[in-house]
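The values are calculated or read from the model by the stated rules, or taken from the named source; none is laboratory data. Since this is a predicted model, take the numbers as computed values, not measurements. FYI the Cβ positions are ideal-geometry reconstructions off the backbone, even for glycines, and counts take in every protein chain you see. Note: accessible area is taken over every heavy atom of the protein model, side chains too, but ligands, DNA and RNA are not part of it. Shrake-Rupley method; radii C 1.70, N 1.55, O 1.52, S 1.80 Å.
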Amino acid sequence: MSEIIFHQYAMSPFSEKVRKIFALKDIAYRSVDQPAWMPKPHLTPLTGGYRRIPVLQIGADIYCDSVLIIRKLDELAPEPSIYPDGNALAAEGLAAWADKHLFLAAVPLVFLAMADVMPKELFEDRRRMFPQLSLEALKAAEPGARGTMRSHLAMLEDCLSSRPFLLGPQFSVADAAVFHCLWFARNDPRFADQLQAFTSLQSWFSRVEGMGQGRGEAMDPDAALEAAGSKEPLTRPHSDPLDPNGLEPGIELSISAEDLPADKFKGVLLSASEHEVVIMREDPQLGRLAVHFPRAGYLLHLEA
């Protein structure tokens, strides 16, 4: 198999979620530093314009979204499982809650705490994604966010008072998802002080942080592009007979995230399953690339 290449940046919370899975499974990977804001000249040729981080690359197969990336890593290295008790629904449900509700409560706290040192390019990039974003809106949201976060921390503290990890004696994908939100929120000194008061949660946090970030080795961005251009995608055409939309390989479509519907990624359907949609796209320099997106949380736009 081709090298596992992970496109990230150090302060990316969703990259930290995946790095914990790399650590859990002791998977070696090559790490490519990407910009935190657009443009991303060494990432766009691979994805066709997907702006979010992280992205996983295996040869000419490109995986977008941390949820799908973690699913792929679990497929490549099934043990130890991200669902140690076999209850994928509970683990994924808690992870989805963290990625959305817990993370959104952290955002105003971090952005306001770092307002004086945050690069203006980063703030403007996020404003282009979410036009309603402004310092005024963040300040208005801060009291509610602090109250919400306090409630979430109390619930997590109660859960962890009787077990070492969120779902029992072993680490799961739920732990990775909750951890990255709190790891991100710690950039707010007031939150970091607050976290110390929750003793079981703080012990859990230290335990997960101590796992490290896996066996990553730096890779030059140009080398990652070369790795994609020298390979053909491994994904083969596949159709799901139970697909609710009757998708078949060969149709033209575009895909967008539900929360960023204007950012559409166009290609020819290569494969569809219950968990992912794969489009084939052609890059002028790199050739054919198979770009993988999660099924849940993404919109399909069939071309006329």
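Which residues does a label at residue 190 reach in region 98-132, if reach means a backbone N under 19 Å from a point 7 Å past the Cα toward the Cβ?
Label zone hits: 102-118.
So, in Å, what gap is there between the alpha-carbon centers of region 189-217 and region 228-304?
Using only Cα atoms to place each centre, the spacing works out to 37 Å.
I'd like the Kirkwood hydrodynamic radius of region 136-265, using the inverse of the mean 1/r over distinct C-alpha pairs, in Å.
19.5
Could you tell me what % of all Cα pairs in the chain have separations over 26 Å?
Distances greater than 26 Å cover 48 percent of the Cα pairs.
Give me log10 I(q)/I(0) at q = 0.14, 0.21, 0.32 Å⁻¹ for region 177-219, Debye formula, one equal scatterer per alpha-carbon, no solvent.
-0.38, -0.72, -1.20
Could you work out the local net charge near residue 230, counting Lys and Arg as +1, Asp and Glu as -1, over the other residues with Cβ closer than 14 Å to its Cβ?
-4
Could you pull out which residues in region 165-207 have an amide N less than 17 Å from a spot 7 Å beyond the Cα of residue 142, following the Cα-Cβ vector?
The answer is 185-194.
Give me the 1.4 Å probe accessible area per residue for region 50-159, excluding ligands and nucleic acids, in Å².
46
Using the Cα atoms of region 45-159 to build a convex hull, what is its mean projected area in square nanometres?
It is 9.8 nm².
Quick one: net charge of residue 37's neighbours, Cβ under 13 Å, K/R +1, D/E -1?
+4
Run the numbers for residue 33 and residue 238: contour at 0.36 nm per residue of separation, minus the present Cα-Cα distance, in nm.
70.5 nm
List the equivalent ellipsoid semi-axes of region 1-63 in whole Å, largest first, each obtained as the square root of 5λ for an eigenvalue λ of the Cα gyration tensor.
For region 1-63, the semi-axes come out at 19, 15, 8 Å.
Against the globular-protein guess of 2.2 N^0.38 Å, express the Cα radius of gyration of region 196-293 as a ratio, rounded to two decimals.
1.56
Would you mind computing Rg(Cα) / (2.2 N^0.38 Å) for region 91-175, counting N as its residues?
1.31
Each label point is 7 Å from the Cα along the Cα-to-Cβ direction; what then is the distance between the points at residue 90 and residue 245, in nm?
3.4
Rounded to the nearest percent, how much of the accessible area of the chain (1.4 Å probe, protein heavy atoms only) is carbon and sulfur?
Within the chain, the accessible surface is 55 percent carbon and sulfur.
Considering only protein heavy atoms, what is the solvent-accessible area of residue 183 at a probe of 1.4 Å, reported in Å² to the nearest 10?
40
Take the cross-link list 20/266; 72/100; 100/264; 20/40; 25/264 and give me the ones stretching past 26 Å between alpha-carbons.
In this structure, 20/266; 25/264 lie more than 26 Å apart at Cα.
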